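Contents: one structure, followed by commentary.
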Amino acid sequence: MSDTMQSLDQLASLKTVAPEAPKYVKKVDKYGRAYATGKRKDAVARVWIKPGAGKIVVNTREVEVYFARPVLRMLIQQPLVAAARSGQYDVICTVAGGGLSGQAGAVRHGISKALTNFEPDLRGVLKKGGFLTRDSRTVERKKYGRAKARKSFQFSKR
């Protein structure tokens, strides 16, 4: 009888605890900035955020100058508005590649990731809004024997 009790105790000690969800920690450099890389289509944005008055600088220019269209400026502000942090962080970013729309999407993605690095508690809000997901839709490659990615050359009967 004591032998079975002992084996039960051994079995109980072998039980493993379910792995916990990963803990996200604040990642800040020596200047107090959080860094992240955002991507969209062919555009890549390097984004730094730090506490400030809400000034956004893109490639050493004001956001109003670089992104003249209001829709693109609204796109960039979305993660800050969703996290209720608009006007609380200064954003400095360099963006290269792609067109203006892709660049705005890349900056938005970078701001979202940098916010989670600065305040890990915001991850749930930003994840729910879909700001942390990298939009993987890119231009389809051109195939040989085709005019474009899918368009065929004009068919000639004779």
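The values are calculated or read from the model by the stated rules, or taken from the named source; none is laboratory data. Just so it is clear, the structure is predicted and the values come from calculations on it, not from any experiment. Note: ideal-geometry Cβ built from the backbone for every residue, glycine included; neighbour counts use all protein chains shown.
The set of residues in the range 80-102 that are in contact with a Leu (Cβ under 6 Å, 6 or more places away or on another chain) and crowded, with 17+ Cβ neighbours inside 10 Å contains only Ala83.
Taking strands (runs of 3 or more DSSP E) as the structural unit, those lying wholly within the range 29-128 and holding at least 3 residues that are without any contact (Cβ under 8 Å) to a residue 60 or more places away in the chain correspond to 56-58, 89-96. The residues on offer are Arg150, Arg146, Arg108, Arg73, and the sole one that is surrounded by 14 or more Cβ atoms within 10 Å (Cβ to Cβ), among the charged types (D, E, K, R) and more than 11 Å from the chain's Cα centre (by Cα) is Arg73.
When you look at Glu20, is it out of contact with any Pro (no Cβ under 6 Å at 6 or more places or on another chain), modelled with pLDDT of 70 or more, charged (D, E, K, R) and not in a loop (DSSP other than H, G, I, E, B), yes or no? Spelling it out, it is not the case that Glu20 is out of contact with any Pro (no Cβ under 6 Å at 6 or more places or on another chain), modelled with pLDDT of 70 or more, charged (D, E, K, R) and not in a loop (DSSP other than H, G, I, E, B). Determine if the range 46-55 includes at least one residue that is within 11 Å of Ala114 (Cβ to Cβ), within 15 Å of the chain's Cα centre (by Cα) and of a type outside the set (Val, Ile, Thr). Yes: the range 46-55 contains one or more residues that are within 11 Å of Ala114 (Cβ to Cβ), within 15 Å of the chain's Cα centre (by Cα) and of a type outside the set (Val, Ile, Thr). Taking the criterion of being closer than 14 Å to Val107 by Cβ and hydroxyl-bearing (Ser, Thr, Tyr), the only residue of the range 74-91 that qualifies is Tyr89.
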